[in-house]
Amino acid sequence: FRSKQWYQRRVAITAGGTGYDFSAGQFSPDGRVFQVEYAQKAVENSGSVIAVRGSDGVVFGVEKIITSQLYEQGNNRRVQSVDDHIGGAVAGMLSDARAIVARAREEATDYRDVYQVPIPLKMLCERLGHYVHLYTVYGGLRPFGVSILLGSWDELNGAKLMEIDPSGSARGYYGCAVGKGKQNAKTEIEKLDMTKLTCRELIKEVAKIIYSVHDEVKDKHFELELSWIGKDTGGKHQIVPKDLYDEAVKYAEEALNDSDDEDNVM
């Protein structure tokens, strides 16, 4: 049995003294679910992740923050393959992201076993969105602190790009950005004529955007991750080849240096 004073102290220590953030299954009087908002904050504190849908596929770019000089490059990738024909990138808590990707792979495998065909991206996002949403309606569960961008390409339907956020909402995009630099990244993406750019061209642009939104003051070191899926990959999600990767990094660094020179002149 807990006293009235105990509950009063519990209410006093919550944000704003409301007490409506104890559970994910509780609305505040103004219609907010604080636990979901906290999960979205975890995504916003992550490194920037962007995906752009071009004329012949989808390109993913990740700003993976390096917190230690002892870090081994290539570990804990934030670009993941769900199935041969679907790839994605995640922002937020990496442990939560692994759980979401594992669930997505299960859904893709189950669909293939039952229907003998690969699962469509929209169907996968609907199923995965339902799963993520379940963690926002029960008091004993915690929302996933992760957003995942998923993309696919085939000859019949072309390129497709969707995002699932911590609330379980699934949306389709031509270009999408999540994480710390999402606002600046979205501004840069909107400048691109995506319908006319190929994946090979977009790889450079995506790298350039990641470099431009990186905050060197707060996060000195980062690892750029690039992957793509489209006509050039035969509809399979793959890590960008080293020659294209190096070319994109060189292009991004030169663009960043040119921008710095212009600022110094002004």
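Springs between alpha-carbon pairs under 10 angstrom, Gaussian network model over the chain: which of Val62, Val249, Val43 fluctuates most?
Val249
State the percentage of accessible surface on the chain attributable to carbon and sulfur atoms; use a 1.4 Å probe and exclude ligands, DNA and RNA. Write down the numbers at each step before the final one.
Details: 7140 of 14600 Å².
C and S atoms contribute 49 percent here.
Specify whether the C-alpha gyration tensor of region 67-194 places it in the rounded, prolate or oblate class, a ≥ b ≥ c being the square roots of the eigenvalues: rounded for a/c under 1.5, otherwise prolate if a/b is larger than b/c and oblate if not. Let's see the in-between values first.
Working: a/c = 1.38, a/b = 1.10, b/c = 1.26.
The shape class here is rounded.
Indicate the gyration tensor shape class of the chain (rounded, prolate or oblate), computed on the Cα atoms with a ≥ b ≥ c the square roots of the eigenvalues: a/c under 1.5 is rounded; otherwise a/b larger than b/c is prolate and the rest oblate.
On the way: a/c = 2.22, a/b = 1.34, b/c = 1.65.
Oblate shape, in that a/c is at least 1.5 and b/c is the bigger or equal ratio.
Which of rounded, prolate, oblate describes region 102-141, given a ≥ b ≥ c as roots of the alpha-carbon gyration tensor eigenvalues and a/c under 1.5 marking rounded, otherwise prolate only if a/b is larger than b/c?
On the way: a/c = 3.62, a/b = 2.44, b/c = 1.48.
Prolate.
Starting from the amide H of Val82, placed 1.01 Å from N in the peptide plane, find each other amide H under 5 Å away whose residue is 5 or more places distant or on another chain.
Gly87, Gly88
In square angstrom, what is the accessible area per residue of region 128-229 with a 1.4 angstrom probe? Walk me through the intermediate numbers first.
Numbers: 4970 Å² over 102 residues.
For region 128-229, the per-residue accessible area is 49 Å².
Past 26 Å, Cα to Cα: identify those pairs from Lys160/Lys180; Lys160/Lys250; Lys208/Lys236; Lys180/Lys204; Lys41/Lys242; Lys182/Lys204, in the order given.
Numbers: Lys160/Lys180 24 Å; Lys160/Lys250 28 Å; Lys208/Lys236 24 Å; Lys180/Lys204 21 Å; Lys41/Lys242 34 Å; Lys182/Lys204 18 Å.
Distance filter (> 26 Å) returns Lys160/Lys250; Lys41/Lys242.
The values are calculated or read from the model by the stated rules, or taken from the named source; none is laboratory data. The structure presented is a predicted model; accordingly, all values stated were derived computationally and were not measured. Note: accessible area is taken over every heavy atom of the protein model, side chains too, but ligands, DNA and RNA are not part of it. Shrake-Rupley method; radii C 1.70, N 1.55, O 1.52, S 1.80 Å.
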